[in-house]
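Below: the structure, in C-alpha cells.
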Amino acid sequence: MELLQLKYFKTVAELGKISAAAEALYISAPALSNSISRLEKELGVQLFDRYAKRIMLNPQGEIFLRYVNQMFDALECGKKEVLRHAIQQRKHIWIATTTSNLWMDLITEFSQACPQYTLSCTNLNLDKLSMGFLSAQYAFILAAEEDIPGSSADELESILLFEDRPAVMVHPNHPFASRTSVDIRELAQQTLFLPMQGTAQYERFVKLFIANGVAFPNATSCSYQFYRNLVEDQMGIAFSTEHTGRNDRSNIRYIPIDNICASWKMKLYWHNRPLTEDEMAFRTFAQEFYHM
C-alpha cells in the first residue's frame, strides 16, 4: 500500500467521480480506476459502490477514509512542524478553522493585501477541538461560538466577525430556487446532502433540527466539494449557509431556511497572550474586513 495510492483513494472519495478525481490528480481515468481496484484487492473489501456516473463510499470505505484522513492529518502536522523551523525568521501566521469554506474570502483577501505575511490554515473537526487542539500551535482559530468547548473558552479572547444563518444550496432548476426561503419541515421530502459527520457544520445542523423540534431527515454526508458537485448535477440539495452563498460566484442558489432559533456567531479566537506584529495585522484586517 503506497502513500500515492491512498492519496488517489482520498481524492476519489471526496469528489465522487473518477473523471473529476483524475483531472484533479493529473492522471488518466483508467489509471486511477486501476489504482482504486488494486487497493480494494489488497484490502480484500470493496470501498465504493459504483453507479453510472459516480462512485460513492460504502460503509467499509467510510471507515477506511477516516483512518486515511488521520494519517494525512498527521503528515500535515509533521510538515507544519518542519516548516515552522524553516520560516522562523519570516512573518508567518498559523490559523485553524472549524469550517474552512466559510473563511476562504478572508484568507484570500488577506494574502493578496498583505503579501509580506504567509499563512497556514488547517481545518479541525470538533473531536480535535475536544482533544486539546486549541494549543499554542495556532495563533488564531476561526469558529462559531458554539464550536469552542466551554472548558477552553475562558482561556481564549475573541471578537465577533459576523453572524451566519442556515440555508440550502440548490440548482437553479430546483423548485426551491425561486423561493425567498424554505420551511425546515419541507426538507424531509428532499434528497439531502450534509457535511461530513464530526465537522462543526454538521453538528450545527443537527442542533438546528433539535432546537426546532423537527425530526432529523435522512441525508448523505460527504465533503463540501463532493456535495456541491452533486447539487450541480441536480442530484439533490445540500445544507449550507447564507455567508457561503455570498462568496459563491456560480449559478447555484442559496435559499435561507425558515427557523425560529438559528444564528451562528462566527468569531476570531486567540490565546490570552501578547500578539506579535504579524498576528496583530491579521486580527485588525479580519475585524475591518467584516465590518466595512
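The values are calculated or read from the model by the stated rules, or taken from the named source; none is laboratory data. For clarity, every value in this text was computed on a predicted model and none was experimentally measured. Cβ sites come from the backbone with ideal geometry, for glycine too, and all protein chains shown count toward neighbours.
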Can you run down the residue pairs with Cβ atoms below 8 Å, 6 or more apart or on separate chains, where the first is in segment 175-188 and closer than 21 Å to Phe209 by Cα and the partner is modelled with pLDDT under 95 and of a type in the set (S, T, N, Q)? Ile184/Asn212; Ile184/Asn259
Scan Glu62, Glu109, Glu146 and give me the residue that is closer than 19 Å to Asp278 by Cα, of a type in the set (Asp, Glu) and modelled with pLDDT of 85 or more. Glu109
Among the residues of segment 143-157, which ones are farther than 15 Å from Thr97 by Cβ and not in a helix (DSSP H, G or I)? Pro149, Asp154, Glu155, Glu157
Run down Glu277, Glu288 and say which single residue is at pLDDT 90 or above, more than 20 Å from the chain's Cα centre (by Cα), of a type in the set (Asp, Glu) and farther than 18 Å from Val170 by Cβ. Glu288
Kindly indicate whether Ser135 is surrounded by fewer than 18 Cβ atoms within 10 Å (Cβ to Cβ), at pLDDT below 80 and hydroxyl-bearing (Ser, Thr, Tyr). yes
Test: Leu4 is surrounded by 14 or more Cβ atoms within 10 Å (Cβ to Cβ), part of a helix (DSSP H, G or I), out of contact with any strand residue (DSSP E or B) (no Cβ under 6 Å at 6 or more places or on another chain) and among the aliphatic types (A, V, I, L, M): no
If you scan segment 34-85, which residues turn out to be of a type in the set (Asp, Glu) and over 25 Å from the mean Cα position of the chain (by Cα)? Glu40, Glu42
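Among the residues of segment 21-33, is there at least one that is over 26 Å from Gly198 (Cα atoms), over 19 Å from the mean Cα position of the chain (by Cα), of a type in the set (D, E, K, R) and not assigned by TED's automatic domain parsing to the domain that holds Asn125?
Among the residues of segment 21-33, at least one is over 26 Å from Gly198 (Cα atoms), over 19 Å from the mean Cα position of the chain (by Cα), of a type in the set (D, E, K, R) and not assigned by TED's automatic domain parsing to the domain that holds Asn125, which makes the answer yes.
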Which condition number in (1) assigned to a strand (DSSP E or B); (2) in contact with a Phe, Trp or Tyr (Cβ under 7 Å, 6 or more places away or on another chain) is the one that Leu160 fails? (2)
I want to confirm something. Restricting to segment 65-82 and keeping residues that are out of contact with any strand residue (DSSP E or B) (no Cβ under 7 Å at 6 or more places or on another chain) and of a type in the set (A, V, I, L, M), which single residue is modelled with the lowest pLDDT? Val82
Failed condition for Glu277, given (1) charged (D, E, K, R); (2) touching a Lys or Arg at 6+ places or on another chain (Cβ under 9 Å); (3) within 19 Å of Asp105 (Cα to Cα): (3)
Single residue of segment 260-289 satisfying the filter (of a type in the set (D, E, K, R) and either without any contact (Cβ under 8 Å) to a residue 60 or more places away in the chain or out of contact with any His (no Cβ under 9 Å at 6 or more places or on another chain) (or both)) that is nearest to His92 (Cα to Cα): Glu279
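Might you check whether a residue that is part of a loop (DSSP other than H, G, I, E, B), basic (Lys, Arg) and surrounded by fewer than 14 Cβ atoms within 10 Å (Cβ to Cβ) occurs anywhere in segment 41-54?
Within segment 41-54, one or more residues are part of a loop (DSSP other than H, G, I, E, B), basic (Lys, Arg) and surrounded by fewer than 14 Cβ atoms within 10 Å (Cβ to Cβ).
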